[in-house]
Every structure is written in structure tokens, then in C-alpha cells.
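The values are calculated or read from the model by the stated rules, or taken from the named source; none is laboratory data. From a predicted model like this one, the values you see are computed outputs, not experimental measurements. Quick reminder, even Gly has a Cβ in these numbers, built from the backbone with ideal geometry, and neighbours come from all protein chains shown. We work out accessible area using only protein heavy atoms, side chains counted, and drop any ligands, DNA or RNA first. Shrake-Rupley method; radii C 1.70, N 1.55, O 1.52, S 1.80 Å.
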Amino acid sequence: MEHAPQPRPLDGFTVGVTAARRAEELGALLARRGAAVQHGPALRIVPLADDGELLSTTRQLIDHLPDVTIATTAIGFRGWLSAADGWGLGEALLQRLSQTEILARGPKVKGAVRAAGLKEEWSPASESMAEVLDRLLEQGVEGRRIAVQLHGEPLPGFSDALRAAGAEVVGVPVYRWLPPRDTAPLDRLIEATVGGSVDALTFTSAPAAVSLLRRAGELDLRARLVEALRRQVLPVCVGPVTALPLQAEDIPTRQPERFRLGPLVQVLCTDLPRRPLAVAGRQLEIRGHAVVLDGELRPVPPAGMALLRTLARRPGWVVPRSELLRALPGSGTDEHAVETAVARLRSALGAGGLVQTVVKRGYRLAHDPTTGDKYAD
């Protein structure tokens, strides 16, 4: 007898992706681990060669040499040099940068600096801009001119601290974020999130979080989105800077220890699956749009999942039909809808005795607390 393959960590879950850049890479990582991916880009990126602000800043830095250049992202640093080449300024920019003290935020940008024939003076082990700031302030920055390669967003706390200490700060906008031209995919992602059909949202930049919240406000869904992210939907950010706009709304976030896509996906693989319940002698794990029953993934329709989550909040306790009716999507007033949904749920589970009828009272999960742990919603 053939056994069903073991479910992957994210089988049965839907994960929303808000990224514009590297969205395909992140989506592929999630899909390989079983997730259904819903992409709603919250941003679009202005191409570097078309950005007049970057051209103006590049000419300014060539004419007036900075004392320190801070490179923050590899793709941004490479793009800056490539755009300068296109404007006929590549050689002059490299020559000027070679005369400055270059600080590289992490190993990827350090590699980009060296690939350009330049050499960084220092790079923080933490890959943190806070550590870069601490080093600069400790050395003293009064009267120094510091060029900071922005990575899609302003760095007000960082730049303000340097200015307060007497530095002249020049922001280098290597790429700029703007709202998406077509907001339909983002609108669908917001509606799915507030509607309960998304289990987690991923963020790889602070502007994406800001844009998502702003668009939700335009749809009159901001309050519901914030509530969903506080309670039902897991927000996972690639790093602490990305998380700031969400934390300002009192939304708790999860972040990987290393600010990379792979570790971000691993956080989802660890945090989304729940500890299984012991139900009628079986092991039942409830996921986003499916269950894992004794190690086998079983898809469950939305109404069945709504009932199952409601029953699992109080495993072993009788839940009245009236309460289950309120949990059903688009619920009306006919409690017969509960009976129909329970019948379909039992069919999807494919095993008898898990959902028990208690005559004239309601339904319960046949939970055995002596052999399993409570499900926490």
C-alpha cells in the first residue's frame, strides 16, 4: 500500500507577497515549501537611467568629493555605477569614489564594491545601519561630507543623527519606490487578507508596508487590515527597518536573524504550522485551507475550515449551532447551513468520529486532552 507523501512545511497555507523586486525568487522559495502564493506588489521601481534626481546627485558628487561613501545594497550600488556608465560618467564616478572612505553595509554590497575595482574601509558584522551610525559618531563627523546610498526609502533617523553631529549628508537615490501602476493585484491581496483567506504577509522593504497601509486606507479597509495583521495574519519582515511602519501601528512582526529571503521563508515554515490536536485517536493539524490528518494533507473548503477553527478554539467542548452559523462565510439565519457545512467537513476529513453531533446542543471535536495539546488560534 502506497503512503501519501509527507506534507511540506507550508502545504495548506496561503502567503501574500508584497515585494516588487525579487518577488519571483521569493514566490519560488515559498512554493517549493508548499505555500499557495498570492502576489500583490505594493510598489514599482523607477528605472535608474531614467531618474533625473540620481543623475543630478551623481554630478554633484563628482564635482564635490565626499569624505565618506556608504554603500547599502549590492543591487543599488551596481545599478548606480551602471546608470553612470550610461550617462558617460562611469569612469569619473569610480575615480572619485576611490578617493573616499567606503563603508559597506554587508557582504553582498562589499562584493559589489570590490567587483567595481574599489575597496571598502569597513563593513559591520551585523549588517546593520545602526552599527554604521555608531562607528561614524564615535569617530566624529563634524564638518565631514557623507554620501549615503539610499535603498528605496529615506533613512531619516540615520541621516538626522549625522546632521545633528555636524555632518553634511548627501542622499544618493539609486532607485525610488512609487505606487504600482495597476493596483488591482494589491487590492485583491488586501481584500483576501481582511477576508481571512491569507495566512501570512511578507515584506521586504519598509515602503511596501507603507504603501500597503496607504492603499488599504484608500479602499476604506485600513482598520480591518491592521486588525487582521494584529490577530489572524502573520506579518513577516526581512529585517527591523522593514518592520517599522507596521510596528508603528502596534502590529507585532516576525523577522529572521539574518536579513535574507531564505531565512525569512524559514520563519514562516517554523511559525505557521501549529502543534497537532489529538482527535478521536488521530493527529489533526489545522492549516490555512487544509488539514494534516495523521501526516496526510487534506484540502478543506472555506466553510469547513471556518467551522473547524471555531470548534478547535475549545476542543472537546460543545459549540452551539448558533455560534457555528456566525462563523460561516456569508452566514444567514438558517441553522441548516451548519448541518450542510458539517457534512461536507466530515467528507473532506475522510474519517469518522472527529466531529461529533451533540443532539439539540451543537457539535464538538472529539478531543482527548490526555494525548494531545490544545490548539491555540
Based on what the data block shows, is residue 220 closer than 25 Å to residue 269 by Cβ and of a type in the set (Asp, Glu)? no
Given the structure, is residue 212 among the hydrophobic types (A, V, I, L, M, F, W, C), assigned to a helix (DSSP H, G or I) and open to solvent by less than 40 Å² (accessible area, probe 1.4 Å)? yes
Of all residues in segment 19-56, how many are over 28 Å from residue 81 (Cβ atoms) and polar (S, T, N, Q)? 1
Within segment 215-233, residues over 17 Å from the mean Cα position of the chain (by Cα), of a type outside the set (A, V, I, L, M, F, W, C) and surrounded by fewer than 18 Cβ atoms within 10 Å (Cβ to Cβ) come out as 217, 218, 220, 224
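Which residue, of 193, 202, 242, is modelled with pLDDT of 95 or more, in a helix (DSSP H, G or I) and among the polar types (S, T, N, Q)?
Details: 202 fails: in a helix (DSSP H, G or I); 242 fails: modelled with pLDDT of 95 or more.
Result: 193 is the single residue among 193, 202, 242 that is modelled with pLDDT of 95 or more, in a helix (DSSP H, G or I) and among the polar types (S, T, N, Q).
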Exactly one of (1) open to solvent by 20 Å² or more (accessible area, probe 1.4 Å); (2) modelled with pLDDT of 90 or more; (3) in a helix (DSSP H, G or I); (4) not charged (D, E, K, R) is unmet by residue 130. Its number? (2)
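Would you mention how many residues in segment 156-170 are among the small types (Gly, Ala, Ser), free of Cβ contacts under 8 Å to residues at least 24 places away in the same chain and either more than 14 Å from residue 145 (Cα to Cα) or open to solvent by 20 Å² or more (accessible area, probe 1.4 Å) (or both)? Before you say what the answer is, go through the steps one by one.
Taking segment 156-170 and keeping what is among the small types (Gly, Ala, Ser), we get 157, 159, 161, 164-167.
Checking which are free of Cβ contacts under 8 Å to residues at least 24 places away in the same chain leaves us with 157, 159, 164.
From what is left, the residues that are either more than 14 Å from residue 145 (Cα to Cα) or open to solvent by 20 Å² or more (accessible area, probe 1.4 Å) (or both) are 157, 164.
Here the count works out to 2.
Does residue 118 fit the bill of being buried (at least 21 other Cβ atoms within 10 Å of the Cβ) and under 20 Å from residue 75 (Cα atoms)? Even if it seems obvious, please write down each step before you answer.
Numbers: buried (at least 21 other Cβ atoms within 10 Å of the Cβ): no; under 20 Å from residue 75 (Cα atoms): yes.
Answer is no for this residue.
Which residues, counting only those in segment 1-27, are closer than 28 Å to residue 214 by Cβ and surrounded by fewer than 18 Cβ atoms within 10 Å (Cβ to Cβ)?
Initially, segment 1-27 is screened for residues closer than 28 Å to residue 214 by Cβ, giving 13-27.
Listed by number, the residues that qualify are 22, 23, 24, 25.
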Quick check on segment 56-93: of everything there that is closer than 19 Å to residue 175 by Cα, part of a helix (DSSP H, G or I) and open to solvent by 40 Å² or more (accessible area, probe 1.4 Å), which residue is modelled with the lowest pLDDT? 75
Just checking, how many residues over segment 273-285 are in contact (Cβ under 8 Å) with a residue 24 or more places away in the chain and surrounded by fewer than 21 Cβ atoms within 10 Å (Cβ to Cβ)? 9
